[in-house]
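Asks: This is the structure I have questions about; it appears just below.
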Amino acid sequence: MTYLGEDIPKLGFGFMRLPLVEAAGEKTIDIEQVKLMVDAFMAAGFTYFDTARGYHGGKSEAALREALVERYPRESFQVATKLPAWMAADAEEARSMFETSLAETGAGYFDFYLLHNLGETRSALFEDYGLWEFAREQKDAGLIRNLGFSFHDKADEFERVLDAHPEVDFVQLQINYADWESDSIESRKCYEIARAHGLPVVVMEPIKGGSLVKLPESVASILREADPKASLASWALRFAASLSGIVTVLSGMSSLEQVQQNVGIMKDFAPLSEAEHAVVARARKALDGLPVIPCTDCRYCIKGCPEGVRIPVALASLNVLIAFNDEYRAQENYDWNATGGEASKCIECGACEEVCPQHIAIIDELKKAAAAFE
């Protein structure tokens, strides 16, 4: 039995973390380097490109047009982009993003179109703005070939969205070996729900935003001893691509070197063997044993916070620093997810600590987060 995307090579190029260059006193996308990256990616036989209306301050889609769409035959690649309802002031602005994306990418149509970043309170906006119906209309008009959504939340909410919208053709999920059994991400549970619904999956964050190539030595040594020739990135990419029903595995690449490394790993991709899966499981167990803040993302702390502080986001960002010493990824996670609920808004009322099942000293941790990320 075939499935959507079965014939698409299992490495996708994410246009989320493109290289930057200084120009006129500000940083902008280094389009000439992006062209070289696209050329290397296409030359290796890979064809899936992923962008979004909000990436790089709204400039990612135009970079895709200049580096790819205007330089290659349209039938030789797939374009995926996303509509972020939470960036719009109202339904009209949200719907206008579709036409903007068509113009900015120059793609003519979208092979894959996603309602962007459902989960938590964000899911309701797509309903309130009528975006499911709007997207189906664009699909009926031939402007969308495959309709799906990207998701950042727990499995219960994921299943609720799927039950309400069985018309979707695919989903995009955060999947990597570090988050596979995570209480906050629930990668495995979400993946299994998608497959139970018969949906193919586009994988995002297979290297956890780059953190899985910055492993502490106690974890990295497990992988290196198992295969001294294999890069840390290869274990992460192959873990995700070894799953069944995968359309492709996205990597937000930032340099030509990263493209060359990743296409080298995936050009002659071989699924993980049973023995290799056991190695990854040992590495995951070692990661889980690191002395991180024991937040399970239960979100009890949020319900009673008078200032709306995004406490789990702050703690998760601190954990990226603790586990991976990855300042870039920690800051990125904080900037993307804590806006409006920054740690510095904490008034030290203690309501969060009273209900925390893990008895975390949340007030002290929020002070650390404010100092580190704001």
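Asks: Determine how large the accessible area of Arg65 is when every protein chain is in place; take a 1.4 Å probe and give Å² rounded to the nearest 10.
Replies: Approximately 70 Å² for this residue.
Asks: Under the rule of at least 5 residues apart or a separate chain, name every residue whose amide H is placed under 5 Å from the amide H of Ile144.
Replies: The list, which skips near neighbours in sequence, is Phe110, Lys139.
Asks: How big is Rg to Rh over region 246-324, alpha-carbon atoms, Rh as the Kirkwood inverse-mean-distance radius?
Replies: That ratio is 1.11, to two decimals.
Asks: Another question, then. Taking H as built 1.01 Å from N, whose amide H comes closer than 5 Å to the amide H of Asp179, not counting residues under 5 places away?
Replies: Here the answer is none, since no amide H 5 or more places off falls under 5 Å of that of Asp179.
Asks: Over the alpha carbons of the chain, what is the largest minus smallest coordinate on each principal axis, giving the biggest first in Å?
Replies: Per principal axis, max minus min of the Cα coordinates gives 58, 53, 52 Å.
Asks: In addition: As a test question: what accessible area, to the nearest 10 Å², does Tyr55 have when a 1.4 Å probe is rolled over all protein chains in place?
Replies: Answer for Tyr55: close to 20 Å² accessible.
Asks: How are the Cα pair distances of region 198-344 distributed, in percent, across 5 Å bins from 0?
Replies: Histogram of Cα-Cα distances, whole percents per bin: 2, 9, 15, 18, 18, 16, 11, 6, 3, 1, 0.
Asks: Starting from the Cα of Asp364, step 7 Å along the direction of its Cβ; do the same at Ile347; then give the gap between the two resulting points in nm.
Replies: With each label placed 7 Å out from Cα toward Cβ, I get 2.4 nm.
Asks: Give the ranking of Asp90, Asp268 by solvent-accessible surface, highest area first, calculated with a 1.4 Å probe. Write out the running numbers ahead of the final one.
Replies: Working: Asp90 70, Asp268 130 Å².
Result, largest first: Asp268, Asp90.
Asks: Computed over the Cα atoms, what is the radius of gyration of region 91-211 divided by 2.2 N^0.38 Å, N being its residue count? Walk me through the numbers before you get to the answer.
Replies: On the way: Rg = 14.7 Å, N = 121, 2.2 N^0.38 = 13.6 Å.
Taking the Cα Rg and dividing by 2.2 N^0.38 Å, one obtains 1.08.
Asks: Which lysines, on any chain, are close to Lys303 with Cα under 27 Å apart, when same-chain ones fewer than 8 places away are left out?
Replies: Lys154, Lys189, Lys345, Lys367, Lys368
Asks: Can you tell me the length gained on complete extension of the stretch Glu225 to Asp39, counting 0.36 nm per residue apart and subtracting the Cα distance?
Replies: Extending this stretch completely gives an extra 63.5 nm.
Asks: Now for a different question. Roll a 1.4 Å probe over the protein chains and send me the accessible area per residue for region 258-298 in Å².
Replies: Averaged over the residues of region 258-298, the accessible area is 56 Å².
Asks: Now a separate question. Assuming 0.36 nm per residue, please report the length gained on full extension of the stretch Glu307 to Trp336 beyond their Cα-Cα distance.
Replies: Here the answer is 8.6 nm.
Asks: Could you rank the peptides 320-328, 25-33, 177-185 by their average count of other C-beta atoms within 10 Å per residue, with the highest value first?
Replies: Listed from highest to lowest mean packing, they are 177-185, 320-328, 25-33.
Asks: I'd like the carbon and sulfur percentage of the solvent accessible area for the chain, probe radius 1.4 Å, heavy atoms only, ligands and nucleic acids excluded.
Replies: 50 percent
The values are calculated or read from the model by the stated rules, or taken from the named source; none is laboratory data. All figures in this text were calculated on a predicted structure; none of them were measured in a lab. Note: ideal-geometry Cβ built from the backbone for every residue, glycine included; neighbour counts use all protein chains shown. The accessibility values were calculated without ligands, DNA or RNA, using every heavy atom of the protein model including side chains. Shrake-Rupley method; radii C 1.70, N 1.55, O 1.52, S 1.80 Å.
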